[in-house]
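Visitor: To start, I am sharing the structure in question, which I have written as C-alpha cells.
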Amino acid sequence: MLKDNIRSIRKQKGLSQEELAIKLNVVRQTISKWEQGLSVPDSEMLISISDALDTPVSVLLGESVTETASRDAEGNNERMDEIAEKLEIINLQLARGKEKKRTIWRWIFISLCVVTVVILILIASTGNSYLEWDYSNPELAVSGVIIHAFVWIFVRIAPFIILGSVIGICMTIRKH
C-alpha cells in the first residue's frame, strides 16, 4: 500500500529515487527500502514525502483522491492521529513479516544442523566398509572413490556447517 503509493506517485512526478532522496535529505537506499516495504518512514518524514511529491499524506497512505477532496477540515491533530494509526498498522505488518522470515531461517538452520549430525552419525556407524571392496571391478572402484571423496569432504566441512547453523539459530532467536 504505502510502498506502492510512494513508488507510483514518485514515478508519476517524473522523479528518480535519487532525486527524491535529495529533496528529503536521505540516501537513495532509504527510498528504495520504503518502496520495497523493508521499512516505513516515520510520521514527520511522511509529511516531508507528502510535500516533496505534492501529494496529501492520506493519498500516500492509500486513501483515494475523491475521499481526500470530500473530507471536511477536521484539524491537524486528528490528521496526525490517523497517520500515526496507519503507520502503526504498517509497522505491525512489517514486524510480522520479519518475524516470519526469522522463524523460517531458524528452522532452516535447525534442519541443517540436524541433517549434518545425522549424516555424521551414519558415517561413523557404517565405518569404512567401502575400503574393503574389490577395487578390481571398475564400477565398484568408481563407487568406492565417490563414497570415499564424499566422506572425506563431509567430515572436514561438517564442523563448520554445525557451527554456522548454531550461530544462525542463536541469531534468529527472538530476544524479548
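The values are calculated or read from the model by the stated rules, or taken from the named source; none is laboratory data. Quick caveat, the model's predicted, so the values are computed rather than measured. Cβ coordinates were reconstructed from backbone atoms using ideal geometry, including for glycine residues, and neighbour counts include every protein chain displayed.
Visitor: How many residues are polar (S, T, N, Q) and under 30 Å from TRP105 (Cα atoms) if we restrict to segment 126-168?
Guide: Looking only at that region, the number is 1.
Visitor: Here's a follow-up. From the residues in segment 96-107 that are more than 11 Å from the chain's Cα centre (by Cα) and without any contact (Cβ under 8 Å) to a residue 60 or more places away in the chain, which one is surrounded by the most Cβ atoms within 10 Å (Cβ to Cβ)?
Guide: TRP107
Visitor: From SER125, SER143, SER111, grab the single residue that is among the hydroxyl-bearing types (Ser, Thr, Tyr), surrounded by 13 or more Cβ atoms within 10 Å (Cβ to Cβ) and in a helix (DSSP H, G or I).
Guide: Exactly one of SER125, SER143, SER111 is among the hydroxyl-bearing types (Ser, Thr, Tyr), surrounded by 13 or more Cβ atoms within 10 Å (Cβ to Cβ) and in a helix (DSSP H, G or I), namely SER143.
Visitor: Give me a count of the residues in segment 34-65 that are within 27 Å of the chain's Cα centre (by Cα), within 17 Å of GLU85 (Cβ to Cβ) and among the charged types (D, E, K, R).
Guide: The number of residues fulfilling the criteria is 2.
Visitor: Could you give every pair whose Cβ atoms fall below 6 Å, whose first residue belongs to segment 1-19 and is free of Cβ contacts under 8 Å to residues at least 40 places away in the same chain and exposed (fewer than 13 other Cβ atoms within 10 Å of the Cβ), and whose second residue is in a helix (DSSP H, G or I) and not aromatic (Phe, Trp, Tyr), counting only separations of at least 6 or pairs across chains?
Guide: Close Cβ pairs (under 6 Å, with a partner that is in a helix (DSSP H, G or I) and not aromatic (Phe, Trp, Tyr)) amount to GLU18/ARG28.
Visitor: State whether the residues of segment 154-166 include one that is assigned to a helix (DSSP H, G or I), modelled with pLDDT of 90 or more and of a type in the set (Ser, Thr, Tyr).
Guide: So far as segment 154-166 goes, yes, one or more of its residues are assigned to a helix (DSSP H, G or I), modelled with pLDDT of 90 or more and of a type in the set (Ser, Thr, Tyr).
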